[in-house]
Each structure stands twice: as C-alpha cells, then as structure tokens.
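The values are calculated or read from the model by the stated rules, or taken from the named source; none is laboratory data. Just so it is clear, the model here is predicted, and its values are computed rather than measured. With ideal geometry, Cβ positions are generated from the backbone for all residues, glycine too; neighbour counts draw on all protein chains shown. Please note that ligands, DNA and RNA were not included when accessible areas were found on the heavy atoms of the full protein model with its side chains. Shrake-Rupley method; radii C 1.70, N 1.55, O 1.52, S 1.80 Å.
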Amino acid sequence: AQSVTQLDSHVSVSEGTPVLLRCNYSSSYSPSLFWYVQHPNKGLQLLLKYTSAATLVKGINGFEAEFKKSETSFHLTKPSAHMSDAAEYFCVVSLGGYGQNFVFGPGTRLSVLP
Amino acid sequence: EAQVTQNPRYLITVTGKKLTVTCSQNMNHEYMSWYRQDPGLGLRQIYYSMNVEVTDKGDVPEGYKVSRKEKRNFPLILESPSPNQTSLYFCASSLKQGAGANVLTFGAGSRLTVL
C-alpha cells in the first residue's frame, strides 16, 4: 500500500528566505510523485512531477524537488519565498496502472511573512 | 480552454435531501475521480472511473454514488446526505495511464454543507 507523510502541517518563512516542505512516501514499487499547490478558495494546481527520469525536478514558479529513493523522500524547495507562495501544498504518490490511484498527503500550509 | 467544471460551487442542504454535484471535462480524458477534502486529512478519493461505464470505489465511498454514462461527465450523487458529508469536494480528470504518470486536472471545488 502507498502512503504519504508531510512532516510539517504548517511552515512559516520570511519573504526572500528559502522554503523547504518535507515529504516522505511509502510504496512497494517505483512510484510517480507530484507536488500540488492550492491557493485559498481555489482548486489544486500541479507544481511539478517525478516519473523516474531526472531525480531533480524543476517546476513552476521557481520550485523544485529532489527524489531520494534511499530516503523515500521528495522534498519541495524554493530558494527565495514570495508573498504569492502562501498556500497549501500537497505531496502526492501514484503507482499509475489501472485505477491510477493517487494518494495525497495531509498538506502543509505555507505562510510567508513580510 | 481546457478545464474541469463543477456545479454547484456552494450548496447548503438538509439531512436526507438527495443532491447531485455535476462534473464535466472538455479534454477527452478517460480517467475521472472524485475527492473530498477535510482539514488535516488531505484529499481522499471517493470514486473513480477509468472510462465510460467503468467505475470503482476509492477510499471513502460510503454514502456516495457515481455514474459515467458519457465520457465528459461524472456526477457525484448523495442519495441521503448526512452532516458528516459536509466537506469540500473536488472532481479531477486525466488521460488514461500511459508512459509515465498522467497529471490530474482539478475542478475549482464544491463546498457542501449538510445541516
């Protein structure tokens, strides 16, 4: 069975400082991994995805994530936070195949302080 | 514009009054799915559909029904809503699984309150 753990329910950073949102997964097979962002009162938008190509994945708005199989981690980073990054972030794992079951982590709320 | 459209966006209803939340996509996606989002729990899958007339239960299907009579539509039906179904609901779609994982495209969400 697959599962996703997001280690922090809430992260607060100052504008211009680095962002680190942590995600660990559990999967019996090689998964695909995603980060989605949800701004207040909006749907979810894809930030980036990993599908067994390069382990360092670049996404939109300056975000990137590194897949580390030995640590079963897929942490999301950004060198410099902007006010517009304040949102809820979800780490997602999928084995694909029939059912394409996507398992969502509980989410991390990112606050950006001026 | 490629999109997933859900209606209604907001609904307040009473226990036991049947309701349907519609979901439509214009991307010719085979796969469609319903999720509910509750604080601290992330998104949990209710039902999914791999194609027309093919549906299956997700993690939290109790109290819900779905149908997939057309490729573009995937309505969520609450036959007898109860207060524990008060939640934010999302419909999502993607291409059928091919090489690599396909990305989910989400609707804007439907906030349901059951009194």
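Observations on the model:
- Reduction of at least 20 Å² in accessible surface, 1.4 Å probe, comparing all protein chains with the chain by itself, residues of region B:78-95: B:Phe90
- Working note: Cα gyration tensor of chain A, eigenvalues times five, square-rooted, sorted largest first, giving semi-axes of 24, 14, 12 Å.
- Overall dimensions of region B:9-87, expressed as equivalent-ellipsoid semi-axes from the Cα gyration tensor (√(5λ), whole Å, largest first), are 22, 14, 12.
- Peptide-level mean, for B:34-42, of C-beta atoms on other protein chains within 10 Å: 3
- Pairs exceeding 27 Å between alpha-carbon atoms, taken from A:Lys49/A:Lys78; A:Lys69/B:Lys65; B:Lys17/B:Lys57; A:Lys49/B:Lys65; A:Lys58/B:Lys65; A:Lys49/B:Lys57: A:Lys69/B:Lys65; A:Lys49/B:Lys65; A:Lys58/B:Lys65.
- Computed over the Cα atoms of the protein assembly as shown, pair by distinct pair, the Kirkwood hydrodynamic radius stands at 18.1 angstrom.
- Accessible surface computed residue by residue for the protein assembly as shown, with neighbouring protein chains in place and a 1.4 Å probe, gives 47 Å² per residue.
- Other-chain or far-sequence residues with amide H under 5 Å of A:Asn101's (modelled H): A:Leu95, A:Gly96
- 5 angstrom amide H check on B:Val4, placed H, neighbours 5+ away: none
- Placing +1 on each Lys and Arg Cβ and -1 on each Asp and Glu Cβ, with no other charges, gives chain B a dipole about its Cα centre of roughly 220 debye.
- Segment A:Thr17-A:Asn41, length gained on full extension (0.36 nm per residue, minus Cα span): 6.1 nm
- Sparsely packed chymotrypsin sites (Phe, Trp or Tyr not before Pro) within region A:10-45, loop by DSSP, other Cβ within 10 Å at most 14: A:Tyr29
- When chain A is described by a simple charge dipole with +1 on each Lys and Arg Cβ and -1 on each Asp and Glu Cβ, the residue from A:Met83, A:Tyr29, A:Gln45 located farthest towards its positive end is A:Tyr29.
- Solvent-accessible area buried by B and A, counting both chains, probe 1.4 angstrom, square angstrom: 1900 Å²
- Karplus-derived 3J(HN,Hα), 6.51/-1.76/1.60, for each residue of region A:80-91, Hz, glycine and proline x: 8, 6, 10, 4, 5, 7, 4, 5, 9, 10, 10, 8
- From phi via Karplus (6.51, -1.76, 1.60), per-residue ³J(HN,Hα) for region B:56-72 in Hz, x at Gly/Pro: 8, 6, x, 7, 9, x, 4, x, 10, 9, 9, 8, 9, 8, 10, 5, 7
- Amide H partners (placed H, <5 Å) of B:Asp59, local residues excluded: B:Gln45, B:Ile46
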